[in-house]
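Just passing along the structure, written as structure tokens.
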Amino acid sequence: MNETATRIKEWTDEPRLPQVLDYRYGIQLKDAQPVGGVLKLSTNQGTFALKRVRDREEKRWQLVEELSRHVERTGEIKIPVPQTTRQGQRTFAGFKRSYVLLPWIEGEHRSWDREGWRRVAGQLARFHLASKGFVAPSSLRGLSHVGEWRKIWTRMEQQVEMFKLAADLGDEFAPVDRLWMTQCSFAEGMLETALRYLEKVGGDTVVEQTRRAGEACHLNIHRKNVLWQGKTPHLIDWNCTVLDVRTRDLARYLLYTYGRTGGLEAVTSSLSSYQEYAPLEEVEYALIYSQLLFPHLLMRSLHNIYQERKIPGHLAKGHLSAAINQEEGKLPLLRQFPQAVKQEFGVTIPEVDWLRPKRDPGTE
């Protein structure tokens, strides 16, 4: 085994990855190095990124490929397309795990200042605009969530009962179970609040009406998924892409913005920058707020612990605790968002009674 193959085995636990790449793609590996969560591969056919993928991701990468063809026509956005194997697949199985091979994109990761947040928001707007009119093949309809918000959220509400039973009926009452049983009412309250708010502002009917502003969401924008070429940000890592309205993507981005900065300035600044390219309809502010209300992080943690069993038992309590802390950490944003929208953009959206900021008696 040569030096490159030895290092690859140490990084991936794959004993014969160079041979697999040769068989799947007909490429000869020259060198490799880990960069930002992927392997940068130097080959006889150019430079590529080798990314580990989850099971059953073939259709997701098919969506990325189809969407890339559509948005590239605008000249504004370029989405890296997976290389197809000799067998016609977009992902392939190694001996240990599955992978996708992507073209390498030059750029750098960097910390974001106020202007950085604005530029990324602007790039997100360009992507949403470029996705307008995209029609996915019928085989990918399972990745479309437009008009499905209430159905998906109600199913998650029902899952909470399953997770409670899983904790209560387990062989032993583990630390994560005790934590979950003390926090389940918080999860139930946030789920109910989000569902009621969605219905109050028009439900899935209104969501469906806003789809003309964009058909796809990236859903995983953070510092490591943005490469900078000078002052231009490029979005990478598209494996969470779904077909849905832009307000879902915007809410996810604003939540990340708030979590990283701890204040509303970057949130409202990002919203302003976004609208320099793609103005929002008034009802879309309320749809953003409904997404902010929903406890996505907490539900994902519970799913990974109790349903998928992805989190080792000794790490489960810490995993769940971190998700709860993040959900509780966004409560100041939920209290302030309606007033910030009114003050900055002149739009009034419904408030949630129990989240209304407490008024100073001296001002009444």
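The values are calculated or read from the model by the stated rules, or taken from the named source; none is laboratory data. Keep in mind the model is a prediction, meaning the values are calculated, not measured. Cβ placement follows ideal geometry from the backbone for every residue including glycine, while neighbour counts extend to all protein chains displayed. These accessible areas exclude ligands, DNA and RNA; they are computed on the full protein's heavy atoms, side chains included. Shrake-Rupley method; radii C 1.70, N 1.55, O 1.52, S 1.80 Å.
For the chain, what is the mean residue ellipticity at 222 nm derived from helices alone (per DSSP H run of n ≥ 4: -39500 (n - 2.57); sum divided by total residues; nearest 500 deg cm²/dmol)?
After summing the helix terms and dividing by residue count, I get -16000 deg cm²/dmol.
Let me ask something additional. To the nearest 10 square angstrom, how much accessible area does T85 have with a 1.4 angstrom probe?
Its heavy atoms expose roughly 10 Å² to the probe.
I need the phi-derived Karplus couplings for region 345-355: 6.51 cos²θ - 1.76 cosθ + 1.60, θ = phi - 60°, integer Hz, Gly and Pro marked x.
Going residue by residue, I get 10, x, 10, 9, 10, x, 9, 9, 3, 6, 9 Hz, with x marking Gly and Pro.
I would also like to ask the following. Any idea how many Lys pairs in region 57-182 come in under 26 angstrom at the alpha carbon, given 8 or more places apart or on separate chains? Don't jump to the answer; show the numbers that get you there.
Values: K59/K78; K59/K96; K59/K132; K59/K151; K78/K132; K132/K151; K151/K164.
Count of close lysine pairs: 7.
How far is the Cα center of region 283-333 from the Cα center of region 37-53, in Å?
One Cα centre to the other: 32 Å.
Within region 276-364, how many Lys pairs that are eight or more residues apart, or on different chains, come under 28 Å at the alpha-carbon?
Summing the qualifying lysine pairs gives 5.
Can you give me the % of accessible surface on region 211-341 that is carbon or sulfur? Probe 1.4 Å, all protein chains present, nothing else counted. Each step should come with its number before you reach the end.
On the way: 2370 of 4870 Å².
Ligands and nucleic acids excluded, carbon and sulfur give 49 percent.
Trypsin sites (Lys or Arg not before Pro) within region 67-123: which are DSSP loop residues with at most 15 other Cβ atoms inside 10 Å?
R73, K78, R86, K96, R97, R110
Still on this structure, I have one more. In sequence order, what are the phi-derived ³J(HN,Hα) couplings for region 78-93 according to the Karplus relation 6.51 cos²θ - 1.76 cosθ + 1.60 with θ = phi - 60°, rounded to whole Hz, with x for glycine and proline?
3J(HN,Hα) across region 78-93, in whole Hz: 10, 9, x, 9, x, 6, 8, 6, 4, 8, x, 10, 8, 10, 8, 9.
Measuring with a 1.4 Å probe in the full set of protein chains, what accessible area per residue, in whole Å², belongs to region 227-362?
Values: 6050 Å² over 136 residues.
That works out to 44 Å² per residue.
Sorted by accessible area with a 1.4 angstrom probe, largest first, how do T257, T91 fall? Before the final figure, lay out the partial values.
On the way: T257 0, T91 20 Å².
The most accessible residue leads, giving T91, T257.
Where a ≥ b ≥ c are the square roots of the eigenvalues of the C-alpha gyration tensor, would you call region 73-151 rounded, which needs a/c under 1.5, or, failing that, prolate if a/b is larger than b/c, or oblate?
The shape class here is oblate.
Can I ask one more? How far, in degrees from 0 to 90, does helix 175-200 lean away from the longest principal axis of the Cα atoms of the chain, to the nearest 10?
Taking Cα atoms only, the helix is inclined about 70 degrees.
How much length is gained if the chain between D13 and R196 is pulled fully straight, taking 0.36 nm per residue apart and subtracting their Cα-Cα distance, in nm to one decimal?
Computed gain between D13 and R196 is 61.1 nm.
Applying the Karplus parametrisation 6.51 cos²θ - 1.76 cosθ + 1.60 with θ = phi - 60° to the phi angles of region 152-161, what ³J(HN,Hα) value in whole Hz is obtained for each residue in order, glycine and proline being reported as x?
Values, residue by residue: 5, 5, 5, 4, 5, 4, 5, 5, 4, 4 Hz.
Follow-up. Could you tell me which GluC sites (Glu not before Pro) in region 101-164 are loop residues by DSSP with no more than 16 other beta carbons within 10 angstrom of their beta carbon?
E106, E148
Under 18 Å from the 7 Å Cα→Cβ point of T261, by amide nitrogen: which residues of region 291-317?
292
Another question, if that's okay. Starting from region 252-332, pick out the GluC sites (Glu not before Pro) whose DSSP state is loop and whose Cβ has at most 13 other Cβ atoms within 10 Å. Don't skip to the answer; put the middle values down first.
On the way: sites: E265, E276, E281, E282, E284, E308, E327, E328; in loops: E276, E281, E308.
For GluC sites (Glu not before Pro) across region 252-332 that sit outside H, G, I, E and B with at most 13 neighbouring Cβ atoms in 10 Å, the list reads E276, E308.
To the nearest 0.05, how large is the calculated FRET efficiency for E208 and E344 if R₀ is 35 Å and r is the Cβ-Cβ distance?
Efficiency at R0 = 35 Å is approximately 0.80.
Give me the lysines in straight-line cross-link reach of K40: C-alpha distance below 17 Å, same-chain residues under 8 apart excluded.
Of all the lysines, those that pass the test against K40 - Cα under 17 Å, at least 8 places apart if same chain - are K9, K30, K51, K224.
Cα atoms only: what Rg and Dmax, in Å, come out for region 112-230?
Values for region 112-230 (Cα only, Rg and Dmax): 19.4, 56 Å.
Can you compute the label reach from K231? Point 7 Å from Cα along the Cβ direction, backbone N cut-off under 15 Å, restricted to region 129-157.
Output list for this probe position: empty.
Treating the angle as unsigned and between 0 and 90°, give the value, to the nearest 10°, between the Cα long axis of helix 114-130 and the longest Cα principal axis of the chain.
80 degrees
Defining a contact as two alpha carbons under 8 Å apart and six or more residues distant in sequence, what relative contact order in percent does region 20-88 show? Intermediate results must be reported in sequence, preceding the final value.
Values: 68 pairs, mean separation 16.0, N = 69.
RCO, region 20-88: 23 percent.
Multiply the residue gap between D353 and H222 by 0.36 nm, knock off their C-alpha separation, and tell me the result in nm, one decimal place.
44.0 nm
Taking the Cα centre of the chain as origin, sum charge times position over the Cβ atoms of Lys and Arg (+1) and Asp and Glu (-1), and report the length of that vector in debye to the nearest 20.
Its charge dipole is roughly 920 debye.
Evaluate the relative contact order of region 29-140 (contact order divided by residue number), counting alpha-carbon pairs under 8 angstrom at least 6 apart; express in whole percent.
Values: 137 pairs, mean separation 28.5, N = 112.
With pairs under 8 Å counted, the relative contact order is 25 percent.
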